[in-house]
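Below: one structure, written as structure tokens.
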Amino acid sequence: ESGNILEGQFVNRNGDTIVNDNDKYRYKNPAPLYTIGITSSLNVGHFNFSFGARANLGQYVYNNVQTDMGYLKRLYGSSKYLSNVNQSAVDLNVEDQANLTFSDHFITEASFFRVDHITLGYSFDHLIGKYLNLYTTVQNPFVITKYKGLDPEIGNGIDNQIYPRPRTYVLGLNVNF
């Protein structure tokens, strides 16, 4: 489990004398076993604070980005001077990406806890109109996960170079007249 893959070597799961499509199997599930969400708001004096977060537990992701990186390093030889190649992918020393496609080596646990938004505001009474609330929000501030890819939240269970979720900052004003 923790070692490198043996390129082109597969387990004969059904016990016959040949390794073929009959030896393929489903390994782990891309859907989470548990989905948990939490939201909260707190008002103290003129200050208001709220957040929303969620967790997916027990999901697995096939990290196709890492398989691509392991294969693409062959384009550059063994110099290892290309700064954007992940060393763990270089260490795989793989010649043929087709051998990686059917490997369960790249299926990794991808449970996560993501804070979707945090808002902090301050309310002014009778400054402009009846009510004025000045607030700031950060969306997607952080994710806690052991997954080594870009984002553990993959819809189909295959991390295949998705566009990353942005971290967004908002400054807002609510006024009631």
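Just so it is clear, none of the values below were taken in a lab; they were calculated from the coordinates. Just so it is clear, the structure is predicted and the values come from calculations on it, not from any experiment. Methodologically, a virtual Cβ is constructed for each residue, glycine included, from the backbone with ideal geometry; neighbour enumeration extends over all protein chains shown.
Report note on the peptides 141-151, 119-129: ranked by the mean count of other C-beta atoms within 10 Å, highest first, their order is 141-151, 119-129. Peptide packing for 47-60, 21-34 was compared via the average number of neighbouring C-beta atoms within 10 Å per residue; ordered from the highest value, the list is 47-60, 21-34. For Asn12, neighbours were defined as the other residues whose beta-carbon sits under 14 Å from its Cβ, and their charges (Lys and Arg +1, Asp and Glu -1) total -1. Other residues with beta-carbon under 11 Å from the beta-carbon of Val65 carry, at +1 per Lys or Arg and -1 per Asp or Glu, a net charge of -2.
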